[in-house]
Amino acid sequence: MARAVHDHDSGEGLVPVDEARERVLAAIDPLPPLALPLTDAFGCVVVQDQVARFDLPEFPSSGMDGFAVRAADVADAGPDAPAELKVVGRAMIGHRPDATVGAGEAVRIATGAPIPAGADAVVPIENAEEAGDLVRLFEAAPEGRHVRPRGEDVRVGDVLVHAGKRLGAPELGLLANAGVPHPLVRPRPRVVVLSTGDELIPPTDDPDFGQVRDANAYTIFGALREAGAMPVLAGIVRDEPESLKETVLNYEPQADAFVSSGGVSVGERDVVKAAFFRRGDIDFYRVAMQPGMPQGFGQIEGKPFFGLPGNPVSVFVSFEVFVRPAILKMMGRTTLGRPEVTARLTEEVRGPQGKTQFARVEVARGPDGWVATPTGGRGSNLISTIARANGLAVIPAGIASAPAGGEVKVMLFRSSED
Ligand code: AMP
Ligand code: MG
């Protein structure tokens, strides 16, 4: 992001949010498609029309328990004038019928069993009376009655699932039924997650004074999972450029992308910058947003690397703004943004004039539409404010104060029931 940078509250010299996101997305390609088993393909986007190679159902079957007959043989049957036919065999589910139906003949058939050759209708068992190897049928059945025809659902050549569609539960069942066990889809990206910082310890440890339990790896893990990616936690990396480089390169063979947190500001201990800036792999820039101003983005061995800031709220917001859309693009998705609603603020939200502010809010539907209540202070270290929120109110650059009662756009990052 080669732009002159001045750290002004005015936002002068900072990269506008939309521009930063567009530059990131321009550098992201969808992952090459893979033929995956259906259970792995669930939730993934298919890359080509999935065309039926078979009719569905593949054979005509009975919709009732009864007798498969020729319609012509029972055309005149009625309650007082049964048609009397010879029972020549049985048709059971999962088997080829053991007889064909000729003139004057019937085959006993179960629901779902294949219709025997020669038959074109089924008379239900309720209207039949068996006597030895004969059956009396008290009902006429026109051709096709109680027969589920072959190809009624899908014809050979029909498109089962269109290219670009995401595989949900019904599509999975349809493809299984149609004999497409390995559809070609965009796979889920494997994303290596790194937390940088000399002060960090795992959440299972007791901190010495000044130490901080690693929050970001878990926030990023959850956000990646929610987006559909497969996170790989690489753990905590100390503020030593060599050990960061080593960790990243060790994980590179199993990564489709990287997300780190911390170490992207201007301090001398800013490890991500120290490790990768000079190599020219990653650009560091300041985005006109609050929280989340410092960002790093580039490629390591051709794989996207997101260097997010360290503060937990900045991490979440930066993920929503930059990483999530990129992950979705890698997965072949075309709608990359969150659903948005327009909500009325219950309180004033102040922000830096020159930056887009993403304010943590809890949105609820009121009698007169959506209402957004800020969940707490603006500080980007206040991690509980994001846990209580379900949306990010977007206060555009140029507006220093959004008044109580005023309307704001809110990105919803979870449904209000969750
Ligand atoms: P940095 O940009 O590395 O200076 O980090 C900014 C702030 O975020 C510091 O107060 C860090 O302690 C904090 N921080 C960085 N990484 C994490 C993390 N993984 N979990 C919780 N806090 C963090
Ligand atoms: Mg740090």
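The values are calculated or read from the model by the stated rules, or taken from the named source; none is laboratory data. No experiment lies behind these values; they were computed from the predicted model shown. Heads up, the Cβs are rebuilt from the backbone with ideal geometry, glycines too, and the neighbour counts pull from every protein chain shown. Areas reflect the complete protein model, heavy atoms only, side chains present, ligands, DNA and RNA absent. Shrake-Rupley method; radii C 1.70, N 1.55, O 1.52, S 1.80 Å.
List of remarks:
- Residues being open to solvent by less than 30 Å² (accessible area, probe 1.4 Å) and either assigned to a loop (DSSP other than H, G, I, E, B) or in contact with a helix residue (DSSP H, G or I) (Cβ under 7 Å, 6 or more places away or on another chain) (or both) - total across the range 364-378: 1
- The set of residues in the range 60-79 being open to solvent by 70 Å² or more (accessible area, probe 1.4 Å) and either part of a strand (DSSP E or B) or under 15 Å from VAL101 (Cβ atoms) (or both) consists of ARG70, ALA72.
- Residues in the range 386-411 that are farther than 18 Å from VAL17 by Cα, out of contact with any helix residue (DSSP H, G or I) (no Cβ under 7 Å at 6 or more places or on another chain) and in contact (Cβ under 8 Å) with a residue 12 or more places away in the chain: ARG388, ALA389, ASN390, SER401, ALA402, PRO403, ALA404, GLY405, GLY406, GLU407.
- Taking each residue of the range 131-154 that is at pLDDT 95 or above and looking for partners that are of a type in the set (Phe, Trp, Tyr) and open to solvent by less than 50 Å² (accessible area, probe 1.4 Å) with beta-carbon atoms closer than 7 Å, six or more apart or interchain, yields VAL135/PHE67; LEU137/PHE67.
- Filtering PHE258, PHE209 for residues that are hydrophobic (A, V, I, L, M, F, W, C), without any contact (Cβ under 8 Å) to a residue 40 or more places away in the chain and more than 12 Å from ligand 2 (Cβ to nearest atom) leaves a single hit, PHE209.
- Here the condition is being within 16 Å of ligand 2 (Cβ to nearest atom) and of a type outside the set (Lys, Arg); of VAL287, VAL266, VAL323, it holds for VAL266 alone.
- Looking only at the range 171-201, and only at residues there that are within 10 Å of ligand 1 (Cβ to nearest atom) and assigned to a loop (DSSP other than H, G, I, E, B), the one that is least open to solvent (accessible area, probe 1.4 Å): GLY197
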